[in-house]
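Read the structure below first, then the notes.
We did not get these values from a lab; they are worked out from the coordinates using the rules stated. Not measured: the values here are computed from a predicted model. Backbone-built Cβ (ideal geometry, glycine too); neighbour counts: all protein chains shown.
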Amino acid sequence: MLSAAEDILSQQHGKNKTTTVDTCMPEITTRECKPPTAEVLLSDNLPSLIVKLTFPFFMDRFPFGYAPYSLFPYFFYFHDSLRVAIVCLLQATSYFVVAFSISIPMSLAGVVFVSLGGGLGEITFLGLSAHYQRIAIAGWSSGTGMAGLLGSFSYAFLTEPHMANLTPKVALLIQLFIPVLFAFAYFILLEKPESVYSPTLNPKSWIVPKGYDDFIVSKHRVPQRNLTPWERVQLIVPMLHLMVPLAFVYIGEYMINQGMTQQIVFDCSHGFNLSLHSQYRWYQVLYQFGVFISRSSIKLIELPIWVLYLLPILQLSNMLFFFFDALYWFVPHIGIIFALIIFEGLFGGSSYVNTFHKIHNKVAPDVREYCLSAASMGDSIGVNFAAGVSIPLHYWMCKQPSPR
């Protein structure tokens, strides 16, 4: 959705409606004030943040406990499956709504659907990872990195005039295989721990049912402590030294991605003959490439905690460089921007995977599920802050004189 952000907005402004007219510009002398892609970013992340801020506090009471166990002995087997089915349904709905949209509000509503699914899916699977070996965090991080890379690359490939040259609508509809693949991976490929699917009444958490109080914690069975709302808040405080740096890293990278790259444009001779829309799409691809590489690196390189405090400084410095280039256009060639965007993704992915890896290792096993789910609000807060700031920043930049 973020790779398609410019197309989603420009379609409703009379561009790219039926055919793809997407060529490079031989000369750029003025700024083009397009609708800010941060609007899509906000729609793509604010609903997800609301889910992450609220669901960990009450999901232990929903959906369990609403049917008599004696009457429905297998009732509790299906609720995790129900959540995954809802995620898949929201994904598919989003593609349809955005592809057939006739207005910007309708397009943004479609993005909201996938955001809700993303938020529900993230807290579900981060919590679920607490019941697997530590490699699950590495697998989750690498998988989300690959998702970003494949999603952005497939959209750029399908819409690029020199490649598939399809319309944004067709490109979005082709992506409908993703919810099907998602469901196949969960229901067919994934092996579920016994601790997740043992049915019981009055479970302690929204993934792992109660009933293991008499067992010793082992790699197979992880009882989860029954937490009060105040205890849940207290558990967040010790994680803030990891969540706050992660939030600032994400502020920097999404200020770059959706606040500044729209204003960093190159003509044919300095931009690999890419159109302005194509430049934006490939910015997203290369960013996701950096994210995938770094999120897949935890088994090779585990960063010390002081580096996690350094990454926000590096990312915010990167953001300042992009800010001034968006204003003054002093970078001579798009290749330099491409390289810096890869580094941006490396910083963000490294911060993400190492943050959750350390939380997984440090928190007590009986609260690990909740802590991993709750910690996901750190990056979401950063993304939403960046989106909120990027919208007025974009319009301010549009009013600045062209430096060429």
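Descriptive notes on the structure:
- Counted residue by residue at 0.36 nm each, then reduced by the alpha carbon distance between them, the extension gain from residue 330 to residue 230 reaches 30.8 nm.
- Debye intensity ratio in log₁₀ form over the Cα atoms of the stretch 237-389, taken at each q of 0.15, 0.18 Å⁻¹: -0.76, -1.01
- Note on the stretch 252-393: with charges restricted to the Cβ of Lys and Arg (+1) and Asp and Glu (-1), its dipole about the Cα centre is near 240 debye.
- Gained length - residue 361 relative to residue 188, 0.36 nm times residue gap less alpha-carbon distance: 59.4 nm
- Within-14-Å neighbourhood charge of residue 378 [Cβ basis; K, R +1; D, E -1]: -1
- Taking the Cα atoms of the stretch 124-193, the ratio Rg/Rh between the radius of gyration and the Kirkwood radius comes to 1.10.
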